[in-house]
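Enquirer: Could you have a look at this structure, given as structure tokens, before my questions?
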Amino acid sequence: DAVRFGAMVRQRDAMDSPVVQARCPLLIEALENVGHIQTRNRGTIGGSLSHLDPSAEMPAVFSALDATLHVTSGRGNRDIPIGEWSLGYMMPNLEPDELLVGITAPCWPQGHGYAFLEMARRHGDFAMAGAGALMTLNTDGTIARVALALTGVDTGPVRLQEAETGLIGQMPNEAIFAEASQSAQ
């Protein structure tokens, strides 16, 4: 039902993982926008989440996936929903003695739709803004479930819950997507 990442999983290793490719393709698409190959070879999933740059891809992806972050300290362990991770600009929900040790991302069903797009001056630059989307359809073709997350527009990732709710039960078309995009402004 979920993929668990250790905090020190390198971004390149996640991209090359057959499990991640099959179960979290949104992450693969987002990682293609992260820096340059040297950045992905050294950068870690947990490092990006802990750094919490407002324009970073990982916080938005894990927000769309409704991930849970696992932290530990000498006092014990805590599980933090991604929606409670950002306390402000580059300030993750970590106490001074805590360390991020893992991330659990629930898997969407096989065949779901996904996309990650960002605007940057040049490929590899930090995004000015970006968006991740996940969608499943009912057997009648209407939208069953959707997740929309933005990066680069606030101090942390932003979920467009009003737009998500408004899309449920609708037949996918350009008009409803244009209407939903208005909630991002």
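The values are calculated or read from the model by the stated rules, or taken from the named source; none is laboratory data. The model shown is predicted, which means the values in this text are computed figures rather than measured ones. Every residue, glycine among them, receives a Cβ derived from its backbone with ideal geometry; neighbour counts consider all protein chains shown. Heads up: the accessible areas ignore ligands, DNA and RNA and are worked out on the full protein's heavy atoms, side chains in. Shrake-Rupley method; radii C 1.70, N 1.55, O 1.52, S 1.80 Å.
Enquirer: So, residue 10, is that one over 30 Å from residue 172 (Cα atoms) and not β-branched (Val, Ile, Thr) or not?
Expert: yes
Enquirer: Of all residues being of a type in the set (Val, Ile, Thr) and open to solvent by 30 Å² or more (accessible area, probe 1.4 Å) in segment 7-45, which is nearest to residue 93 (Cα to Cα)? Just the residue, please.
Expert: 9
Enquirer: Are there helices (runs of 4 or more DSSP H) fully within segment 14-70 with at least 3 residues that are of a type in the set (S, T, N, Q)? List them.
Expert: So the answer is 37-42.
Enquirer: Just to be sure I understand the filter: pairs with C-beta atoms under 8 Å, separated by 6 or more residues or on different chains, first member in segment 100-121 and under 30 Å from residue 73 (Cα atoms), second member surrounded by fewer than 17 Cβ atoms within 10 Å (Cβ to Cβ) and of a type in the set (Gly, Ala, Ser). Which pairs pass?
Expert: Here the result reads 101/6; 102/6; 104/2; 105/2; 106/2; 107/2, each pair linking segment 100-121 to a residue that is surrounded by fewer than 17 Cβ atoms within 10 Å (Cβ to Cβ) and of a type in the set (Gly, Ala, Ser).
Enquirer: Could you pull out the residue among 63, 48, 55 that is open to solvent by less than 30 Å² (accessible area, probe 1.4 Å), touching a Lys or Arg at 6+ places or on another chain (Cβ under 6 Å) and not hydrophobic (A, V, I, L, M, F, W, C)?
Expert: From the options 63, 48, 55, the qualifying one is 63.
Enquirer: Which one is most open to solvent (accessible area, probe 1.4 Å), of the residues in segment 139-167 that are more than 15 Å from the chain's Cα centre (by Cα) and without any contact (Cβ under 8 Å) to a residue 12 or more places away in the chain?
Expert: Selected residue: 139.
Enquirer: Looking only at segment 34-69, count how many residues are closer than 18 Å to residue 105 by Cα, touching a Ser or Thr at 6+ places or on another chain (Cβ under 8 Å) and touching a residue at least 60 places away in the same chain (Cβ under 8 Å).
Expert: 5
Enquirer: Hey, among 84, 57, 95, which residue is over 17 Å from residue 31 (Cα atoms) and under 15 Å from the mean Cα position of the chain (by Cα)?
Expert: 84
Enquirer: For residue 83, state whether it is open to solvent by 70 Å² or more (accessible area, probe 1.4 Å) and either closer than 18 Å to residue 151 by Cβ or not basic (Lys, Arg) (or both).
Expert: yes
Enquirer: Sticking with this structure for a sec: In segment 20-52, how many residues are over 19 Å from residue 112 (Cβ atoms), at pLDDT 95 or above and under 13 Å from the mean Cα position of the chain (by Cα)?
Expert: So the answer is 5.
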